[in-house]
Amino acid sequence: MSASPTTLELFDQYVIPTYGRFGVRIERGQGCRVWDEDGREYLDFGAGIAVTSLGHCHPRVVARMSQQLGQLVHTSNLYYTRPQGELAKRLVEIVGAPGKVFFCNSGAEANEALYKLSRKFGNEANGFALPMGGTSNPEAPLRRGIITMNGSFHGRTLGGIAATGQDKVKKGFEPMVEGYSHIPFNDITALNEAAEARGTVAVLFEPIQGEGGIHPVSPEYLRAARALCDRRSMLLLFDEVQCGLGRTGDWNGWDTLAPDVKPDAVSWAKGIAGGFPLGAVWVSSRLVQLRNGEVKPLCDLLGPGTHGTTFGGTPLICAGALEVLSIIEDERLLENARTLGKYALNALRSLCSPWIREVRGVGLMLGIELAADFGTRHALPPGKAPSIFMVEKLHEAGLLTIPSGTHILRWLPPLNVTAADVDEAVRILSSVLGAL
């Protein structure tokens with residue numbers, strides 16, 4: 001009898017190679033640790049790229065999902081299910097402003113909803129309704145342009161790569177979806193100048209760029225963007241797929257930076273359900289003036305037939321997400337993210353390694369930028385980026401991390417990470433750097 005194919009052989013033969021995978025073959029996980037098929041243990045400071053916000057197999061999530069699994073898994077969005085309504089209510093409470101929620105499956109899908117909301121707003125609305133009512137103008141110019149940031153990442157759909165401010169994701173998929181312009185991040189002058197372009201309807205950015213290397217927006221930029229969008233009746237959209245729902249030490253990434261600012265809509269995914277596929281969009285109930293004279297809330301602009309998904313907001317996934325959010329609150333994990341984020345930041349900076357150019361972070365979003373001359377001071381295999389080289393060395397030492405670009409390592413551990421876990425990760429990094 002022939003031997004069964006290995007995991008790597010299965011992937012080589014049957015899985016489309018859209019990912020640059022590392023050689024680790026993960027079999028199981030518990031808490032902040034995973035084990036590969038050979039039984040080797042790793043400290044997981046990638047958390048599925050900020051997804052497993054409670055680590056692996058949290059007992060309360062396992063119990064709640066098991067209960068729901070035996071009750072009701074899926075039903076079409078033609079019907080009502082209580083877990084979806086309760087999760088929507090909880091997310092509106094987390095934002096802290098009136099609005100409504102749409103559920104989907106991923107961050108890319110959540111951002112697609114933001115693009116469609118912007119198009120709908122620009123095509124059918126004159127703008128925000130004035131406090132005493134506005135005057136409709138069906139002949140007003142249509143507005144369809146969305147401003148996004150250099151270094152941003154908004155997903156890998158055609159709309160997502162057009163919105164993303166990185167050329168590498170666009171190659172081979174031309175022509176791009178029209179309507180997006182990219183400007184320097186954190187540059188208020190560039191933002192104001194871009195908004196002058198005819199037909200601009202929205203500004204979209206990540207309050208903290210994750211894929212771009214852990215770069216937070218300044219509080220001044222957040223406030224300037226809000227003021228600009230109010231003045232020009234444009235939508236202010238936040239992509240909190242990576243930085244939202246506890247990662248920064250607050251429920252909302254923007255609250256960590258400028259809590260007095262509120263967006264018109266925000267996208268979430270990744271950590272929202274602790275490892276299960278779920279995306280969501282909150283849209284404000286702010287009133288808009290339509291071209292036909294009607295006034296309605298922005299959150300009702302995408303009405304029946306304008307947007308949808310088969311699997312978004314199933315009772316199984318919503319029940320799990322509700323439990324995840326409850327655990328974050330019950331176990332005071334927002335406070336833990338703030339405390340352990342500062343602890344990790346100080347520990348990393350105290351290494352004072354000549355191989356590290358800078359360490360930066362907000363909460364448990366940490367970026368370790370390697371020295372610019374890393375590749376010339378240490379002989380690397382041809383074509384291998386320093387970030388990839390270091391991630392592989394850390395794997396060999398038992399630590400999972402996430403590369404970003406050519407020179408940055410991301411630490412995105414679970415929100416319930418401990419000081420002992422951080423100490424162990426710092427020791428492993430220090431040992432690997434020392435061996436260079």
Let me confirm something: among Ala140, Ala163, Ala190, which residue is among the aliphatic types (A, V, I, L, M) and closer than 16 Å to Ser267 by Cα?
Ala163
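Quick check on Gly246: is it modelled with pLDDT of 95 or more, in a loop (DSSP other than H, G, I, E, B) and either buried (at least 21 other Cβ atoms within 10 Å of the Cβ) or on the phi > 0 side of the Ramachandran plot (or both)?
On the way: modelled with pLDDT of 95 or more: yes; in a loop (DSSP other than H, G, I, E, B): yes; either buried (at least 21 other Cβ atoms within 10 Å of the Cβ) or on the phi > 0 side of the Ramachandran plot (or both): yes.
So Gly246 fits the description; yes.
Of the residues that make up segment 402-421, is at least one in contact (Cβ under 8 Å) with a residue 12 or more places away in the chain, under 28 Å from Gly249 (Cβ atoms) and among the aromatic types (Phe, Trp, Tyr)? Step through it out loud before you land on a result.
Of segment 402-421, the ones in contact (Cβ under 8 Å) with a residue 12 or more places away in the chain are 402-419, 421.
Those left that are additionally under 28 Å from Gly249 (Cβ atoms): 402-405, 407-419, 421.
Filter once more, keeping what is among the aromatic types (Phe, Trp, Tyr): 411.
Looking through segment 402-421, at least one residue is in contact (Cβ under 8 Å) with a residue 12 or more places away in the chain, under 28 Å from Gly249 (Cβ atoms) and among the aromatic types (Phe, Trp, Tyr).
Can you say whether Gly361 is part of a strand (DSSP E or B), assigned by TED's automatic domain parsing to the domain that holds Ser404, crowded, with 16+ Cβ neighbours inside 10 Å and among the small types (Gly, Ala, Ser), as far as the supplied structure shows?
yes
Regarding Ala202, is this residue in contact with a Ser or Thr (Cβ under 8 Å, 6 or more places away or on another chain), outside any helix (DSSP H, G or I) and closer than 30 Å to Arg291 by Cα?
Criteria met by Ala202.
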Hey, Leu334 hits all of (1) touching a strand residue (DSSP E or B) at 6+ places or on another chain (Cβ under 8 Å); (2) of a type outside the set (D, E, K, R); (3) assigned to a helix (DSSP H, G or I) but one; which does it fall short on?
(1)
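Look at segment 409-436 and say how many of its residues are assigned to a loop (DSSP other than H, G, I, E, B), farther than 26 Å from Glu335 by Cβ and modelled with pLDDT of 95 or more.
Applying the first criterion (assigned to a loop (DSSP other than H, G, I, E, B)) to segment 409-436 yields 412-418, 436.
Then keep just the ones that are farther than 26 Å from Glu335 by Cβ; that gives 436.
Filter once more, keeping what is modelled with pLDDT of 95 or more: none.
Of the residues in segment 409-436, 0 are assigned to a loop (DSSP other than H, G, I, E, B), farther than 26 Å from Glu335 by Cβ and modelled with pLDDT of 95 or more.
Please work out if Gly375 is in contact with a helix residue (DSSP H, G or I) (Cβ under 9 Å, 6 or more places away or on another chain), of a type outside the set (Asp, Glu) and modelled with pLDDT under 95.
Yes: the conditions hold for Gly375.
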Can you give me the number of residues within segment 267-286 that are in a strand (DSSP E or B), surrounded by 24 or more Cβ atoms within 10 Å (Cβ to Cβ) and of a type outside the set (Gly, Ala, Ser)?
4
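Which of the residues that make up segment 186-210 are of a type in the set (S, T, N, Q) and buried (at least 24 other Cβ atoms within 10 Å of the Cβ)?
Keep residues of segment 186-210 that are of a type in the set (S, T, N, Q), which gives 186, 189, 192, 200, 209.
Gln209 - this is the single residue of segment 186-210 that is of a type in the set (S, T, N, Q) and buried (at least 24 other Cβ atoms within 10 Å of the Cβ).
With respect to Leu236, determine if the residue is in contact with an Asp or Glu (Cβ under 7 Å, 6 or more places away or on another chain) and either part of a loop (DSSP other than H, G, I, E, B) or not acidic (Asp, Glu) (or both).
So Leu236 passes the test.
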Of the residues in segment 146-185, how many are in contact (Cβ under 8 Å) with a residue 24 or more places away in the chain, surrounded by 16 or more Cβ atoms within 10 Å (Cβ to Cβ) and out of contact with any strand residue (DSSP E or B) (no Cβ under 7 Å at 6 or more places or on another chain)?
6
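Go through segment 191-213 and count every residue that is under 15 Å from Gly165 (Cα atoms) and under 24 Å from the mean Cα position of the chain (by Cα). Spell out how you get there, then give the answer.
Let us first name the residues in segment 191-213 that are under 15 Å from Gly165 (Cα atoms), namely 191, 194, 203-213.
The next check asks that each one be under 24 Å from the mean Cα position of the chain (by Cα); those that pass are 191, 203-213.
Within segment 191-213, residues that are under 15 Å from Gly165 (Cα atoms) and under 24 Å from the mean Cα position of the chain (by Cα) number 12.
Of all residues in segment 365-386, how many are surrounded by 16 or more Cβ atoms within 10 Å (Cβ to Cβ), closer than 18 Å to Ser353 by Cα and in contact with a Lys or Arg (Cβ under 9 Å, 6 or more places away or on another chain)?
Let us first name the residues in segment 365-386 that are surrounded by 16 or more Cβ atoms within 10 Å (Cβ to Cβ), namely 365-371, 374-375, 385-386.
If we keep only those that are closer than 18 Å to Ser353 by Cα too, we end up with 366-371, 374-375, 386.
The next check asks that each one be in contact with a Lys or Arg (Cβ under 9 Å, 6 or more places away or on another chain); those that pass are 366-371, 374-375.
The number of residues fulfilling the criteria is 8.
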Quick check on segment 373-392. Is at least one of its residues β-branched (Val, Ile, Thr) and assigned to a strand (DSSP E or B)?
no
When residues of segment 211-232 are limited to those that are modelled with pLDDT of 95 or more and in a loop (DSSP other than H, G, I, E, B), the one surrounded by the most Cβ atoms within 10 Å (Cβ to Cβ)
Ile214
So which strands (runs of 3 or more DSSP E) are wholly in segment 1-96 and hold at least 1 residues that are more than 20 Å from the chain's Cα centre (by Cα), without any contact (Cβ under 8 Å) to a residue 12 or more places away in the chain and over 18 Å from Pro277 (Cα atoms)?
26-30, 33-36
Qualifying positions in segment 357-368 - closer than 24 Å to Asn336 by Cα and in contact with a strand residue (DSSP E or B) (Cβ under 7 Å, 6 or more places away or on another chain)
Glu358, Val359, Arg360, Gly361, Val362, Met365, Leu366, Gly367, Ile368
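The values are calculated or read from the model by the stated rules, or taken from the named source; none is laboratory data. Everything quoted here is computed from the prediction, not taken from an experiment. No Cβ is skipped: glycine too gets one built from the backbone with ideal geometry, and neighbour counts run over all protein chains shown.
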